[in-house]
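Visitor: Okay, handing you the structure first.
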Amino acid sequence: VVGSTQTGESGPGQAVRWPGTTPIALTPFLASNSQALDINNAGQIVGAAPLDSTLSLRPFLWSAQTGAVDLGIPGADLARAEQINEKGLVIGNLYSSESIRGFVWSRETGPIFLRSRDGDYGVTSGLNNRGQVVGTYRDRAFVWTRSGGLIDLTSRVANAPPGLRLTRGIRIADNGSIVAAATTGLVLLVPRAGGHNEAPVLAPVKLTGTPRVNALLSFHAAFRDADLRDTHKASWDWGDGSRSTGTVSGKNGAGGVSGQHAYRKAGIYTVRLT
């Protein structure tokens with residue numbers, strides 16, 4: 001386990017590794033507000049620490065053979081190396097008052113900043129052992145590879161209905177499955193097998209009417225289904241202890257679900273459509 005220790009309630013933190021007995025400091029980070037953020041099976045550790053007299057928080061890679069090595073991210077007054085995979089590939093982010101810029105680092109290439117074709121910087125969140133990176137740019141989820149560059153994940157969702165947008169790639173597994181945030185909530189993206197029995201893809205739930213006590217509100221969500229001959233049933237959970245059957249319309253793999261409900265008490269309710 002890696003992390004940091006702290007002396008007292010407001011004392012500086014210190015990056016440590018914990019082999020199961022006593023935390024061991026990652027020298028020379030004594031009293032330096034350093035952080036150890038990730039470790040791989042080879043015992044390589046990444047994090048952030050002041051590595052010189054400027055006390056700037058610099059991204060580092062630590063190993064038992066080399067100690068802490070500055071990753072050499074240009075212009076980094078505040079930068080963190082946040083994850084490392086089993087092949088020694090590192091991702092992190094550089095923070096400034098203007099922006100957050102994600103980077104990928106390897107011994108072969110040094111740092112590579114992730115940018116879209118229109119020049120926007122990506123913010124990294126996760127990587128796998130195949131070198132795929134996920135994150136967000138301009139409030140849109142992306143997946144990045146060295147050969148393919150930065151790709152908008154929403155564009156890769158098969159049968160995406162109108163209104164569905166992936167906002168952040170959070171983690172990616174070695175098989176390419178991705179956990180992401182979307183306008184519909186948290187989603188799991190899986191590589192498409194091209195077979196049948198795929199789940200329909202829902203758009204965000206839309207509300208019509210003014211929310212107030214005893215007002216009959218109308219809800220609707222579009223969907224698309226790759227299995228064009230499927231029929232569908234739907235149910236609404238209104239978040240106040242009541243449920244009702246959804247009215248499904250459409251054909252040939254595209255349609256919508258509607259429902260109506262009135263709330264008897266003021267409050268905050270989470271509506272779920274299945």
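The values are calculated or read from the model by the stated rules, or taken from the named source; none is laboratory data. Keep in mind that what you see is a predicted model, and the values were worked out from it rather than measured. Glycine also receives a Cβ, built like all others from the backbone with ideal geometry; neighbour counts cover every protein chain displayed. Only protein heavy atoms, including side chains, enter the accessible area calculation; ligands, DNA and RNA are left aside. Shrake-Rupley method; radii C 1.70, N 1.55, O 1.52, S 1.80 Å.
Visitor: Taking strands (runs of 3 or more DSSP E) that do not extend beyond segment 154-200, which have at least 1 residues that are hydroxyl-bearing (Ser, Thr, Tyr)?
Guide: Counting at least 1 such residues, we get 166-172.
Visitor: Across segment 155-193, which residue is most open to solvent (accessible area, probe 1.4 Å) among those that are modelled with pLDDT under 95 and β-branched (Val, Ile, Thr)?
Guide: 190
Visitor: What number of residues in segment 240-270 are in a loop (DSSP other than H, G, I, E, B), open to solvent by less than 40 Å² (accessible area, probe 1.4 Å) and at pLDDT 95 or above?
Guide: 3
Visitor: Identify all residues within segment 87-99 that are over 26 Å from residue 174 (Cβ atoms) and either buried (at least 22 other Cβ atoms within 10 Å of the Cβ) or not polar (S, T, N, Q) (or both); write none if there are none.
Guide: Listed by number, the residues that qualify are 94, 95, 98.
Visitor: Considering only residues that are open to solvent by 30 Å² or more (accessible area, probe 1.4 Å) and touching a Phe, Trp or Tyr at 6+ places or on another chain (Cβ under 9 Å), which ones fall in segment 58-73?
Guide: 68, 69, 70, 72
Visitor: Looking only at segment 201-223, decide whether some residue is surrounded by 15 or more Cβ atoms within 10 Å (Cβ to Cβ) and out of contact with any Leu (no Cβ under 9 Å at 6 or more places or on another chain).
Guide: no
Visitor: Take residue 230 and decide whether it is assigned to a loop (DSSP other than H, G, I, E, B), surrounded by 10 or more Cβ atoms within 10 Å (Cβ to Cβ), at pLDDT below 90 and more than 29 Å from the chain's Cα centre (by Cα).
Guide: Working: assigned to a loop (DSSP other than H, G, I, E, B): yes; surrounded by 10 or more Cβ atoms within 10 Å (Cβ to Cβ): yes; at pLDDT below 90: yes; more than 29 Å from the chain's Cα centre (by Cα): yes.
Criteria met by residue 230.
Visitor: Check segment 216-231 and report whether any residue there is of a type in the set (D, E, K, R) and closer than 18 Å to residue 271 by Cβ.
Guide: No - not one qualifying residue is present in segment 216-231.
Visitor: Another question, then. Which pairs have Cβ atoms under 9 Å, sit 6 or more apart or on different chains, and link a residue in segment 166-191 that is on the phi > 0 side of the Ramachandran plot to one that is β-branched (Val, Ile, Thr) and surrounded by 15 or more Cβ atoms within 10 Å (Cβ to Cβ)?
Guide: Once the first residue is on the phi > 0 side of the Ramachandran plot and sits in segment 166-191, its partners that are β-branched (Val, Ile, Thr) and surrounded by 15 or more Cβ atoms within 10 Å (Cβ to Cβ) give 176/143.
Visitor: Pull out all pairs, ordered by first then second residue, where Cβ-Cβ is under 6 Å, the residues are six or more apart or on different chains, the first lies in segment 205-217 and is over 17 Å from residue 237 (Cα atoms), and the second is in a loop (DSSP other than H, G, I, E, B) and open to solvent by 70 Å² or more (accessible area, probe 1.4 Å).
Guide: 213/266
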